[in-house]
Structure formats: C-alpha cells, structure tokens
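The values are calculated or read from the model by the stated rules, or taken from the named source; none is laboratory data. Since this is a predicted model, take the numbers as computed values, not measurements. Note that we place each Cβ from the backbone using ideal geometry, even for glycine, and neighbour counts take in every protein chain shown. With ligands, DNA and RNA removed, areas are computed over all heavy atoms of the protein, side chains included. Shrake-Rupley method; radii C 1.70, N 1.55, O 1.52, S 1.80 Å.
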Amino acid sequence: MNEKILEEEYDVVVVGAGHAGCEASLACARLGLNTIVFTVSMDSVAFMPCNPHIGGSSKGHLVREIDALGGEMGKNIDKTFLQSKMLNTSKGPAVHSLRCQADKLMYSLEMRKVLQHQDNLTLRQAEVSEILVENDQIAGVKTVSGAIYHAKAVILCTGVYLNARCLFGDVIEHTGPNGLKAATFLTDSLIEHGIKMQRFKTGTPARLDGRTVDFSKTEPQYGDPVVKPFSFSTDPATVQKEQVPCYLTYTNEKTHEIIRANLDRSPMYAGVIEGTGPRYCPSIEDKVVKFSDKPRHQLFLEPEGTWTNEIYIDGMSSSLPEDVQHRMIHTVPGLEHAKVVRNAYAIEYDCIASGQLKLSLEFKNIRGLFSGGQFNGSSGYEEAAAQGLLAGINAAMEILGREPVILDRSQAYIGVLIDDIVTKESFEPYRMMTSRAEYRLLLRQDNADLRLTEIGHKVGLISDERAEYVAKKKSEIQTEIERVSNVSIGASKNVNDFLATLNSAPVATGIKLTDLIRRPELNYEVLAPLDTDRPALSDEVTEQVNIDIKYKGYIEREMKQVEDFKRVESRKIPPDFDYEQVPSLRIEARQKLIKMRPESIGQASRISGVSPADIQVLLVYLSK
C-alpha cells in the first residue's frame, strides 16, 4: 500500500447515508460484512429535507415491507413520531396506509445512533469522488482527499446531493438540501465508466415560526386515539402517547393571483431549472397553472419536532422569489402574520438514466456496483429505504456467493417499485402509488409480515424467534378460518334480535357464520356473541381472519391472476439473447429490448414500446 495516502479494505462501501444508505449499510453489516458508509455531513444521516413524515398512501406499505424483511425504518419512526394516523380507513383494507408525522431531528439522531452502534459498520464523513473499476468489476472508491477504500461491492445511495443546486427566484446556491454540502465530483467518474446520467428536480415548502401562526383560523387534525406501530416487532403499548396536532388551511384566489402574476419570475417557468420534477408532488405554481379551475388548494401545517417551533407547509412547495413567497403565504388563513424561517426552494440533482440496472439493483455493466434511492430516479424516503435495503441485501448475497433476492410484482410493493424503475423509462422522479400495484388486495400493509418475514429470515436479517412467531400466527389464522367456515348459525329470535342491534337484516333459515361476516355492516369481531366456541386470539390474528373471510372471492380472483402472471414471469430470456436475429420483431421493440435487456417475458411485456404482438413473436422464437 502507498504510505502517502490512506488505504483501507472493506467488504462493502456505501456512498451516502440517507434513507437508502442507512438501510443498505445496516443490511450488509448485519449479515456479517465489514461495511463503511460515507456521508458528506453527519447532519445528513437519515435527514428529512422535505416532508417530515414517514408512510402515507402506498408508502406505508413499503415501510411495513421493509420491516418484515429486517429493515430499520419502521422501528425508527416508532421511536420518534409526533402523530400517527391510519389513512383511507373509509375504504377497503387494500389501501389502508399508516402515516406518522416525524420529529425530524430525533429521527436522524436515532438512526445515526443505530448505525454507530452496529457491529461491522463504520460511519465516516467524507465525499466520495471516484469509483474504482478493474475489468468491469468494482474495486472500491476514492475520496476527495485521495484516500482509497478497496471493496468487493459498492452501493451508490447519493440521494439529491450529486451536483445539487438549490433555486428560488434568481437565487442559485450550489448546495445540497437545507444548505448541506453537495457532492460535486462523483458524476464525472460515473460517466467515465459508462454510466448514463440525467437531471431531475424536486422541491420543498417554506418553514414558518409556529409562534406567529394563528391556528384558530385553521382546522386541527388529530392522530388516531389508539396508535398502531409501524414495526411488527414494536410492542403497541410503547407507542401510546400524547400526540401533537397538525392543522389544515387553504389557499384562495388572492394566493393564486399573486402566483399567476409572478410566474415569469419562477426559475421553473423561466427555463432556469433544467431537471424534471415529480408529477405527483407538484409545486404550488404547477397546481395553480394546471388546475386553474380549483378555487383553493389544501395546505397542512405540520410541526417539525418538539425541539423547534418550525412549521412545515405541506402542499406549498415552490421556487418563486423570496418576496413573492412571503406575499402568497400571508394571504392564507392563519398565516397572515406568519414569519418565514426558511424559504421554499427547488433542488436539481444528478441521477442515473433508466435501463442500466438488473432487478437485483446491480449495474449491468459493472459487477459488484449497486445503487438505491433517489439516485435511481425515484422520489420519497420510503421508496429510497426500500431500494437501499434490497441493494444492500443483494450486494451481500453476491459477496457471500448466494442467489440474489428478487421480489416480483405479486409478492410486494417493493417488487412493483423495483420492477418499475428497472423496466420502465423514467422521465420524472418515480413515486409509489397503490394504483401501480396490480395485486394490491394481496399486498396489504397488514399482511406484510406474513408475505415477507420468511424471506427476511432466509436472508439472515430476521431472528429465529421472530420467524417462529410469524409461522405460528399464520397457522392460527388458517386454523381459525377453517373453524369459522364450519360454524352454522340458527334462525332463532335471539339471533335476529342481536342482528337487529347491529342494523343487519334477520335470517329466515340457518346461515354460515362466514356469510354473516361478509355482510358490509358486520365483521368477525362484532359477531363474537354468536360464536360460543371462539378461541382467544390476538388482534393480529383476528384482523387477518376477518379480512380473509370478508374478501375471499376477491382474494381468490387475484390469486388466479397471480398464477397467470407467474407463468409469464417464469419464461426467462437469456442475458446474451440476440434480438437482431428475431424475425418480425418491430424496430422500436428491438431497440427497446436491446436497451433494457429484460430478464423474463413478463418484464419484456412491461417495457414501453413493446407490444403484445412483439411478445408473441418472442415467445414463438424462444420456444424453438
């Protein structure tokens, strides 16, 4: 080794310690690999530069799945939440999603503590400037100081820090989010090694001094009276606490007039911003322009922590000039005299173009190089953490000589997320939504442990004790469903009187208990008085029994659809398959297939520009 420079050896190097980097590094270290994770600043570890919450519609599913596989995000938010609420409870269980308002500083500090107390894991503040590649195999990284870190695998989790610049009005600052240091060297090294890059953008609203907000003019939004933890391993008793309220207010025509009159001063509309922003998380300028028929837009005032009086204005992301921001904020009920602590801004950053990753999140052209999070063209803390966890697991699997963990679209929201960002061309930051999952009744947040704990245990991130608990839970659910299916209820006066108290129609003849459970106004729990032989079971078990019985027909239909899906997914395409030799394949399809290199017929069918007729041509050719 060169005595003039620092050289160290690790099994795994993780670049970036945001939500993806934390999960990736913890997974590798917990699997026994000597791991180092680099961050440009200790203050950016698990940092929440935008929305200070975890979960929400579809994102809550991801957090539950991360937890079931052995990740940390669910455990961390359980320790640091300010308010907890189950969303979409007026709808079916497929779209129920837990959302927690976070104490953003405590979330970051708690995660940093976990990393710094984890065996086999080193957390270091330094900027990585180069990846080191030898014969298309990753060999390590170099930092701006010239230090070299040799490694068998490298995981890139750079978030929004690569060549980042923050903008509002005509102010441009070449920093990462919240004024943190940007990473300015690594992009050039990636391009030199054949990695194609693109430019995306996101943004964040202003923060207000909570002491200057008139909350009497807003609508309080409270958490659930009984808190349900995110992590399956968290004792529910430990998360029952006094919660902090959030508040709802609205923009109005005065707000919109100010925005419309100053669009020419917005860097987004003036053409200063080069990157593409997330369609499903638009700025307030975008909302006013694209939804001009709307007289108002919702704004949620959310506290950032118990240690600060700063209030986040959820729904008012902007890159307008400072003076315009202040004027538009002061038109909102409750914010007439609000003091701005931090201006809203847009942030541009480098990320990879689609089509360069395998489903394992390993680069196709560099063995041992993996990536996760916003660097892959996604948005959101939860999406980042999910990718980071799988990238970490698969980096470890490769080093340990084991098969990669590939979750398909029928197994997990994580499978949908990774399949989408790997298979589909991305022209904007990708955001997870329940509508993206074809089998969402099977992929509920409440059954994530039943779906994925066994996989996490097989990998080595779930303890034997936890795996045994889930296996026992599965058995109890199945046993109880079978028992209830054989319970008949007679058409007696007592039964009909009881049903009347529940506003349910009387029965004229004997009826199966399962048929009563399926009535919209009834469920497994409320029918307990009619089921005298019912065993004592945990709430976790009874919840699954109720859902499985109530939605049996729909679940069975989706399971048949999954069987068809599995058949198509099982038709593998050789990695070196020559699409140029396939006759009758359209030119566009051939170009897309060569670019994306799908691993199966199913994945090929989801590539934009590949038609069902092209898939039939491929099937015929492969069958020969």
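For region 202-233, the candidate set comprises residues that are at pLDDT below 95 and among the β-branched types (Val, Ile, Thr); within that set, the residue that is farthest from the chain's Cα centre (by Cα) is THR204.
Just to check your reading of the model, which residue among THR238, THR251, THR204 is open to solvent by 10 Å² or more (accessible area, probe 1.4 Å) and of a type in the set (S, T, N, Q)?
Testing whether each residue is open to solvent by 10 Å² or more (accessible area, probe 1.4 Å) and of a type in the set (S, T, N, Q) leaves just THR238.
Restricting to region 461-493, count the residues that are assigned to a helix (DSSP H, G or I), touching a Leu at 6+ places or on another chain (Cβ under 9 Å) and loosely packed, with under 11 Cβ neighbours inside 10 Å. Selection size over region 461-493: 0. The single residue among ILE607, ILE549 that is within 31 Å of the chain's Cα centre (by Cα), of a type in the set (A, V, I, L, M) and not in a helix (DSSP H, G or I) turns out to be ILE607. Close contacts from region 64-76, counting a first residue that is surrounded by fewer than 24 Cβ atoms within 10 Å (Cβ to Cβ) and a second that is assigned to a loop (DSSP other than H, G, I, E, B), with Cβ to Cβ under 8 Å and a gap of 6+ residues or different chains, come to LYS75/PHE230; LYS75/SER231; LYS75/SER233; LYS75/THR234.
Considering only residues that are open to solvent by 10 Å² or more (accessible area, probe 1.4 Å), part of a loop (DSSP other than H, G, I, E, B) and farther than 10 Å from VAL95 by Cβ, which ones fall in region 434-445?
Across region 434-445, the qualifying residues are GLU438, TYR439, LEU442.
The residue of region 125-148 that is farthest from ALA183 (Cα to Cα), among those that are open to solvent by 20 Å² or more (accessible area, probe 1.4 Å) and polar (S, T, N, Q), is ASN135.
Restricting attention to region 207-234, the residues being open to solvent by 30 Å² or more (accessible area, probe 1.4 Å), in a loop (DSSP other than H, G, I, E, B) and among the small types (Gly, Ala, Ser) number 1.
Restricting region 169-201 to residues that are in a strand (DSSP E or B) and surrounded by 23 or more Cβ atoms within 10 Å (Cβ to Cβ), which is modelled with the lowest pLDDT? Show your work before the answer.
Residues of region 169-201 in a strand (DSSP E or B): 171-173, 183, 197-201.
From what's left, surrounded by 23 or more Cβ atoms within 10 Å (Cβ to Cβ): 183, 200-201.
Values: ALA183: 93, PHE200: 93, LYS201: 90.
Looking at the filtered set, the residue picked out is LYS201.
Residue by residue through region 534-549, note down the ones that are touching a helix residue (DSSP H, G or I) at 6+ places or on another chain (Cβ under 8 Å) and open to solvent by 40 Å² or more (accessible area, probe 1.4 Å). The answer is ARG534, PRO535, LEU537, SER538, GLU540, GLU543, ASP548.
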